[in-house]
Every structure is written in C-alpha cells, then in structure tokens.
Number of protein chains: 2
Amino acid sequence: MPNLYVALTHYPVVDKRGDIIASAVTNLDLHDIARAVKTYGVKSYYVVTPLVDQQSLVQKIISHWTSGSGAVYNPARRSALELIKIKDTIADVVEDIKGIENVYPKTVVTCARRYTTSTGYKEFREILKSGQPHLLVFGTAWGLAEPFISEADYTLEPIMGPSDYNHLSVRTAAGIILDRLLGE
Amino acid sequence: MPNLYVALTHYPVVDKRGDIIASAVTNLDLHDIARAVKTYGVKSYYVVTPLVDQQSLVQKIISHWTSGSGAVYNPARRSALELIKIKDTIADVVEDIKGIENVYPKTVVTCARRYTTSTGYKEFREILKSGQPHLLVFGTAWGLAEPFISEADYTLEPIMGPSDYNHLSVRTAAGIILDRLLGE
C-alpha cells in the first residue's frame with residue numbers, strides 16, 4: 001500500500017476571476033473521492049475548510065454513512081467515508097500527518113495548467129515507491145491559489161486526452177490521478 | 001480522435017438486491033461524464049432512460065448550460081454538455097450511431113465483476129485504433145443488468161487499485177476508463 005494522503009481544499013482556492021475564496025462543500029466530492037481513495041489504498045482523505053458551518057455539514061454527511069442508517073444500507077460506502085478527516089487548513093493536515101509518520105509529508109499539487117517544473121505521472125509513481133509520506137492536494141472551484149501551488153514540493157502535469165479541453169471535475173481528476181499513480 | 005461513443009444507462013440496471021430497475025438521473029453524472037467525454041475526444045455522450053419525466057429533466061439541465069444563462073457563465077461547460085443526446089434505449093443509441101457511421105458499433109460494457117472473457121485496457125486501446133465505431137456503455141445504480149452484459153461484444157476488466165475495494169462511482173470509473181483507453 002502507498003504511503004499517500006489526499007486532501008481536498010476549499011480554501012484558499014480561486015473563483016472564475018482569479019480572486020481567492022472559500023468554496024462550498026459538494027456532497028459528491030466527499031463520496032466519489034472517498035471511494036477512489038479507498039480503492040487505491042490511500043491512508044486518509046482530508047477535507048479542508050475553515051468554515052465552521054461547512055465542517056458541520058461534512059460531519060453530518062460522514063456520520064450518516066458511518067454510524068447512521070446509511071452504514072447499514074451500504075457498508076461499502078461506510079468503509080470509504082470512514083477515511084475522511086476534517087481540518088481547518090492544509091497546515092493542520094501536514095501537522096496531523098507529522099503526528100502519524102514522525103516526519104512531514106512532501107506536498108504534491110495538481111493543476112490544470114502546465115508548469116516547466118511539472119512532474120510526470122510515471123516519475124511520481126516511482127517517487128511514491130520510496131515509502132516516504134506524501135500529501136496529494138486537490139483544489140475545488142477554479143483551483144488552488146497560486147502561492148499555494150508554488151510552495152508545494154511537486155506539481156503534477158495536467159491530465160490531457162487527445163483533445164485540448166482540460167476542464168475535468170475534481171472528482172474525475174482525482175480518480176484519474178490516483179489510477180495513474182497507483183492503478184494496476 | 002477515437003471513433004468512440006459513450007452511453008450512460010438508467011435502464012435496464014439492477015438495484016442492491018439484483019432486481020432490474022430504472023434508476024433516477026443524477027445531475028453530476030451528466031456534468032462529470034460530459035466533461036470527461038469532451039476531454040478524451042469521444043463523439044457523443046448518450047444518456048439513456050425510457051422515463052419521460054427523467055428525459056425532460058435531462059433536457060432542462062442541458063438547455064441551461066448550452067443555451068441558458070449557464071452557457072454565458074461557463075462556456076467550457078457548454079461545450080461538454082452539447083455532446084449529450086437523450087435516448088429511450090440502448091437499441092436506439094446503436095441505431096443512431098448506425099445512421100452516422102453507416103455500420104453498427106461494437107458494444108463494450110464495463111462491470112465491477114471480473115469475467116474470464118474480460119478484455120484488458122491495453123488490448124482494447126489497440127482495438128480502438130482500428131477506427132471502427134465502438135460504443136462504451138456504463139450502468140448506473142448497482143450496474144448493468146446481466147443479460148445486457150452477456151450480449152455485448154466486449155466486457156472490460158474491473159478497475160482495481162492496490163486494495164480489493166471496487167466500489168467507484170460511475171463518474172469516477174468513466175473518467176479512469178477513458179484515461180486508460182485514450183489518455184496520453
């Protein structure tokens with residue numbers, strides 16, 4: 001199993017105009033990414049938002065599927081949503097992982113734009129085999145805020161198909177990236 | 001560009017107990033799969049449901065993003081949702097493709113169970129290079145009904161990661177499968 005953690009960030013992200021915002025949590029971001037995280041053996045799935053009402057909403061959804069009637073109705077959903085942890089900031093996520101692993105994780109961001117310093121999937125697949133802890137961070141809305149991207153240890157290449165369209169949902173992008181890094 | 005079509009089926013699919021049902025349309029199935037389809041150069045995305053009220057709902061969502069205020073707000077979403085066609089049955093989808101291509105497409109189904117006759121992704125990636133039309137069919141709810149799977153020309157292998165958990169959402173599975181078949 002990989003020594004990998006995933007975080008979905010709702011702040012700081014940018015809106016359509018490039019302004020920094022805190023985005024709202026989307027229910028299916030919790031479900032879809034938790035199920036992908038479970039499939040690919042990721043250790044935890046951090047949902048990051050500083051907004052207290054949004055944290056309460058996330059906790060309510062998780063509880064429904066892990067200890068409420070949803071847990072009985074669909075145990076497979078339970079085992080995925082159990083991997084979710086709620087945190088205020090990415091800094092809190094990094095500290096949480098430090099507490100578990102005794103070292104800070106390397107951070108890896110994803111972006112629909114290509115940077116000259118971007119890391120390819122095959123290359124990062126090899127890096128993961130080192131067993132060192134890594135934190136893969138996804139942004140919601142129009143993506144992670146720029147200062148956050150430049151501070152990360154690695155930036156993965158954008159996902160491209162045969163067209164020049166690159167507007168995948170974060171749910172789909174997370175699944176594809178985990179498959180490229182950890183799929184059979 | 002591949003000569004590939006994608007269909008998302010709401011009937012005949014099975015529920016948790018294995019009974020055949022017509023499932024309800026999920027808004028984000030339309031958006032996420034349309035965006036993946038657009039990314040990977042798929043020709044059309046068929047949404048299949050025989051339920052008239054569900055067809056109306058799908059049409060209303062598409063219209064919002066292709067000719068309503070959504071088209072102005074987010075043109076990238078427009079160009080993805082324009083690829084959606086609504087059909088009553090898979091038979092109607094196949095006839096529609098026959099009308100475009102002058103030959104019937106080969107049908108390809110996806111399933112979370114592994115069959116001895118399953119086709120691998122590398123193998124099917126090569127088959128697609130023939131340029132012959134293929135229709136890739138996804139099921140909603142607990143998956144496509146069994147008779148439908150056995151009648152298809154190909155069944156793709158289930159998507160597996162390093163764990164034995166295989167309960168991805170159809171949105172995530174569609175993205176990963178298109179990436180395995182058509183990604184860079």
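The values are calculated or read from the model by the stated rules, or taken from the named source; none is laboratory data. The shown structure was predicted, so the numbers you read here are calculated from the model rather than taken from an experiment. Virtual Cβ from ideal backbone geometry, glycine too; neighbours counted across all protein chains shown.
Mind checking which residues of segment B:1-24 are in a loop (DSSP other than H, G, I, E, B) and in contact (Cβ under 8 Å) with a residue 40 or more places away in the chain?
If the condition is that a residue be in a loop (DSSP other than H, G, I, E, B) and in contact (Cβ under 8 Å) with a residue 40 or more places away in the chain, then B:Met1, B:Pro2, B:Asn3, B:His10, B:Tyr11, B:Pro12, B:Asp15, B:Lys16, B:Gly18, B:Ser23 are the ones that fit.
Residue-wise test of (1) in a helix (DSSP H, G or I); (2) of a type in the set (Lys, Arg); (3) farther than 27 Å from B:Asn3 by Cβ.
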{"site": "B:Val47", "(1), (2), (3)": "no, no, no"}
{"site": "B:Asp53", "(1), (2), (3)": "yes, no, yes"}
{"site": "B:Ser56", "(1), (2), (3)": "yes, no, yes"}
{"site": "B:Val72", "(1), (2), (3)": "yes, no, yes"}
{"site": "B:Ser79", "(1), (2), (3)": "yes, no, no"}
{"site": "B:Asp92", "(1), (2), (3)": "yes, no, no"}
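Report every pair of residues separated by at least 6 positions or lying on different chains whose Cβ atoms are under 7 Å apart, first residue within segment B:119-147 and assigned to a loop (DSSP other than H, G, I, E, B), second surrounded by 15 or more Cβ atoms within 10 Å (Cβ to Cβ) and polar (S, T, N, Q).
Here the result reads B:Gly131/B:Asn3; B:Gln132/B:Asn3; B:Pro133/B:Asn3; B:Thr140/B:Thr9; B:Thr140/B:Ser23; B:Ala141/B:Ser23, each pair linking segment B:119-147 to a residue that is surrounded by 15 or more Cβ atoms within 10 Å (Cβ to Cβ) and polar (S, T, N, Q).
I'd like to verify a number: residues in segment A:135-154 that are surrounded by 21 or more Cβ atoms within 10 Å (Cβ to Cβ) and β-branched (Val, Ile, Thr), how many?
Within segment A:135-154, residues that are surrounded by 21 or more Cβ atoms within 10 Å (Cβ to Cβ) and β-branched (Val, Ile, Thr) number 2.
Taking B:Gln59, is it buried (at least 18 other Cβ atoms within 10 Å of the Cβ), over 14 Å from B:Phe138 (Cβ atoms), over 16 Å from the mean Cα position of the chain (by Cα) and more than 14 Å from chain A (Cβ to nearest Cβ)?
Considered against the rule, which asks whether it is buried (at least 18 other Cβ atoms within 10 Å of the Cβ), over 14 Å from B:Phe138 (Cβ atoms), over 16 Å from the mean Cα position of the chain (by Cα) and more than 14 Å from chain A (Cβ to nearest Cβ), B:Gln59 comes out as no.
Taking the residues in segment A:94-117 that are in a loop (DSSP other than H, G, I, E, B) and β-branched (Val, Ile, Thr) as candidates, determine which candidate is surrounded by the most Cβ atoms within 10 Å (Cβ to Cβ).
Result: A:Val103.
State yes or no: is A:Arg125 in contact with a helix residue (DSSP H, G or I) (Cβ under 7 Å, 6 or more places away or on another chain) and either of a type in the set (Asp, Glu) or surrounded by fewer than 16 Cβ atoms within 10 Å (Cβ to Cβ) (or both)?
When the stated conditions are applied, A:Arg125 passes them.
Just to be sure, is B:Lys43 more than 18 Å from B:Thr140 (Cβ to Cβ), surrounded by 22 or more Cβ atoms within 10 Å (Cβ to Cβ) and at pLDDT 95 or above?
No; evaluated as a whole, the condition is false for this residue.
Picking from B:Val103, B:Val48, which residue would you name as being of a type outside the set (Lys, Arg) and within 15 Å of the chain's Cα centre (by Cα)?
B:Val48
Test B:Ile84 against the criterion of being touching a residue at least 40 places away in the same chain (Cβ under 8 Å) and among the β-branched types (Val, Ile, Thr), and give yes or no.
Criteria met by B:Ile84.
Starting from residues that are more than 20 Å from B:Ala22 (Cβ to Cβ) and of a type outside the set (Gly, Ala, Ser), keep the ones in segment B:76-94 and report whichever is nearest to the other protein chains (Cβ to nearest Cβ).
The selected residue is B:Arg77.
Only one residue in B:Gly161, B:Gly131, B:Gly120 is over 28 Å from B:Ser67 (Cα atoms) and surrounded by 14 or more Cβ atoms within 10 Å (Cβ to Cβ). Which one?
Step by step, each of B:Gly161, B:Gly131, B:Gly120 is checked, and only B:Gly161 is over 28 Å from B:Ser67 (Cα atoms) and surrounded by 14 or more Cβ atoms within 10 Å (Cβ to Cβ).
Here is a list: B:Arg125, B:Arg171, B:Arg180, B:Arg113. Which entry is charged (D, E, K, R) and at pLDDT below 95?
The match here is B:Arg113.
If you go through segment B:129-173 one residue at a time, how many are facing another protein chain (nearest Cβ under 8 Å) and aliphatic (A, V, I, L, M)?
Summing the residues that are facing another protein chain (nearest Cβ under 8 Å) and aliphatic (A, V, I, L, M) in segment B:129-173 gives 4.
Here is a list of conditions, (1) touching an Asp or Glu at 6+ places or on another chain (Cβ under 8 Å); (2) over 20 Å from A:Gly183 (Cα atoms), and A:Asp19 meets all of them except one; can you say which number that is?
Just one mismatch for A:Asp19, condition (1).
Just checking, which of B:Tyr40, B:Tyr45, B:Tyr73 is of a type outside the set (Asp, Glu), within 14 Å of chain A (Cβ to nearest Cβ) and touching a Pro at 6+ places or on another chain (Cβ under 8 Å)?
Of B:Tyr40, B:Tyr45, B:Tyr73, the one residue that is of a type outside the set (Asp, Glu), within 14 Å of chain A (Cβ to nearest Cβ) and touching a Pro at 6+ places or on another chain (Cβ under 8 Å) is B:Tyr40.
Could you identify the single residue in B:Val37, B:Val52, B:Val93 that is touching a residue at least 60 places away in the same chain (Cβ under 8 Å), farther than 30 Å from A:Gly183 by Cα and aliphatic (A, V, I, L, M)?
None of the other options fit; the residue is B:Val93.
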